[in-house]
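> Questions regarding the structure given below will be posed in turn.
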Amino acid sequence: MMESASQSGLIVETGLKEYFHDSLHSTLARQQVKSQPETVFYLVNLLVSFLHTHRLYETAEDGTAFRPLALRYLDMLHAPNAERREQHLRSLGDAALFVAGVFAESLNRKLVDVDYYTSMGGAAYAQLAGSLRAGRSSGAFSNVFEELAARFVDYADALGEVAEHPEVRRHQDVLRLYDRWLKTRSRRAAERLRALGIEPNATLNCAPQ
């Protein structure tokens, strides 16, 4: 049940998965987007995974920052083998999809907009699907990534609607808080960021770009 919670007061992961699955299913049905059950399952796990901040942001020596898509793309280009290349493509696609859905409103204030994320993420998923089909890897997920590439905007919209859940919106609040600190150097904002495990640093960029 959704009322179950951990000692910290946060909804437990099992409850989140149930909520996200039901919410995604109804949202996609309302938007008349036909999806494979495997794709819905993948999106549910994507949402739950990125609720853990360390999986979306990277811990640098001086703090925590969102790794730009361009650098994720370079990681893919410099991958030593097909397996690592596929991992980087998946990382790029997942980050782009999550940000385009959950942080779409914040992107309106950035140098790059949601179209950039759509283009980068959709292309990454398409390349990943092709690589899985051509390689020795299991082709089970190739159809999922192919579907994510073809309907990237639809799925981003669906994630945006599901992101009204308080646990997802908490991450949007972190982004806005960091933006506020960058603009004002507010001591209170800095203290709140440190309490969340993020060290304010003007040379880093916590906000997606």
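Only the coordinates and a few stated rules stand behind these numbers; no lab work does. Note that the coordinates shown come from a computational prediction; the quantities given were computed from them, not determined experimentally. Here the Cβ positions follow ideal geometry from the backbone for every residue, glycine too, while neighbour counts run over all protein chains shown.
> Taking the number of other C-beta atoms within 10 Å as the exposure measure, put Val44, Val33, Val99 in order starting with the fewest.
Val33, Val44, Val99
> So what's the net charge close to Ala158: Lys and Arg +1, Asp and Glu -1, counting the other residues with Cβ under 10 Å from its Cβ?
It works out to a net charge of -1.
> Net charge around His88, counting only other residues with Cβ within less than 9 Å of its Cβ (Lys, Arg = +1; Asp, Glu = -1)?
+2
> Hey, fewest Cβ within 10 Å first, where do Asp94, Asp115 land in order?
Starting with the residue having the fewest Cβ neighbours, the order is Asp115, Asp94.
> Still on this structure, I have one more. Ala190: net charge of surrounding residues, Cβ under 12 Å, Lys/Arg +1, Asp/Glu -1, itself excluded?
Here the charged neighbours net out to +4.
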